[in-house]
């Protein structure tokens, strides 16, 4: 089964703030960039998801050290659609506030989520 990895692209440049969709190699290694999704105009729908986190790196960011990509969503299916409002369970990751993925503000590293949809830069778990 083909897999994908998704994360926010936070490097300076044309795609700053976009969601970056990459191929999947292993749980700890992402593949090449396939495409970018503009959160202002598009929603990203992901299915069969795992909230992946490089915990040691995220703890360093939480403690104020240099920033490096350390968290992403691994999923089995990706769909892009026009931006429409979404409601669901709050899924978030901000290593400056917590070194963990959270679902409804509870630590959730490596949690499995059936479906996640974006609206703007927010993530929502859906049933």
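The Rg/Rh ratio of segment 1-65, with Rg taken over Cα atoms and Rh as the Kirkwood radius over Cα pairs, comes to 0.99. Think of it as helices only: each DSSP H run of n ≥ 4 in the chain is worth -39500 (n - 2.57), and spread over all residues that comes to -1500 deg cm²/dmol at 222 nm. What shape does the chain take by its C-alpha gyration tensor, where a ≥ b ≥ c are the square roots of the eigenvalues and a/c under 1.5 counts as rounded, a/b above b/c as prolate, and the rest as oblate? Rounded. Computed from the Cβ-Cβ distance with R0 of 25 Å, the FRET efficiency linking residue 2 to residue 112 stands at 0.90. Between residue 87 and residue 34, residue separation times 0.36 nm minus the direct Cα-Cα distance comes to 16.4 nm. Dividing the mean sequence gap of close Cα pairs (under 8 Å, 6+ apart) by how many residues the chain holds gives a relative contact order of 26 percent.
For the pair segment 5-43 and segment 46-78, the centres of their Cα atoms are 12 angstrom apart. Cβ-Cβ distance of residue 10 and residue 63, R₀ of 22 Å, FRET efficiency by 1/(1 + (r/R0)^6): the value works out to about 0.75. Straightening the chain between residue 98 and residue 42 buys 17.5 nm, computed as 0.36 nm per residue apart minus the Cα-Cα spacing. Quick check on segment 58-108: take the gyration tensor over C-alpha atoms, sort the square-rooted eigenvalues as a ≥ b ≥ c, and tell me if it's rounded (a/c under 1.5), prolate or oblate. Since a/c reaches 1.5 and a/b is larger than b/c, the shape of segment 58-108 is classed as prolate.
Taken together, the values in this text are just the output of simple stated rules run on the coordinates, not laboratory data. Remember, predicted model here, so these are calculated numbers, not experimental data. Here Cβ is always computed from backbone atoms with ideal geometry, including for glycine, and neighbour counts include all displayed protein chains.
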